[in-house]
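Since the structure comes first, as structure tokens, the remarks are kept for the end.
The values are calculated or read from the model by the stated rules, or taken from the named source; none is laboratory data. Quantities reported herein were computed from a predicted structural model and do not represent experimental measurements. Using ideal geometry, Cβ is built from the backbone for each residue, glycine included, and neighbour counts are taken over all protein chains shown. Each accessible area value is taken on the protein alone, full model and side chains, heavy atoms only, with ligands, DNA and RNA left out. Shrake-Rupley method; radii C 1.70, N 1.55, O 1.52, S 1.80 Å.
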Amino acid sequence: MLRRLTRGEFVHDDLEYRCYPLTYSLECDQFAPTGMTFIPLWEGESSITGFYVDNNRTHFITFSIEDIDDYSLIGTSIDALIDHLVQQYGDDEAALRKVLNE
């Protein structure tokens, strides 16, 4: 389901208006924190979520398009990314977690 989400496909009502397909973040030089090779996964209305790799470890982050260099670390695992989505956007957390874990 996370893979589908990165393609902009609908996966759950709770994420419908929060995880959009990539548009402006495809210009990675302009929409990436300074000093890292950032891979965008999806966009929100005014945010971008993605990851970068450092020392062979994946770091999932999110940031506002208003202040790209002020990013928040979500975590270093897929489970942390799912937890973030469930806690931030889940109206029915159990149902959203079940869908994302499929």
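Look at region 31-68 and say how many of its residues are out of contact with any strand residue (DSSP E or B) (no Cβ under 9 Å at 6 or more places or on another chain) and of a type in the set (Ser, Thr, Tyr).
So the count comes out to 1.
Give the residues of region 8-30 that are farther than 23 Å from GLU93 by Cβ, open to solvent by 20 Å² or more (accessible area, probe 1.4 Å) and either touching a strand residue (DSSP E or B) at 6+ places or on another chain (Cβ under 6 Å) or modelled with pLDDT of 90 or more (or both), sorted by residue number.
The answer is LEU22, and nothing else.
Taking only region 71-102 into account, find how many residues are out of contact with any Lys or Arg (no Cβ under 9 Å at 6 or more places or on another chain), surrounded by fewer than 16 Cβ atoms within 10 Å (Cβ to Cβ), in a loop (DSSP other than H, G, I, E, B) and modelled with pLDDT of 95 or more.
The number of residues fulfilling the criteria is 1.
So, in region 37-61, of the ones that are among the polar types (S, T, N, Q) and assigned to a loop (DSSP other than H, G, I, E, B), which residue ends up farthest from ARG3 (Cα to Cα)?
ASN55
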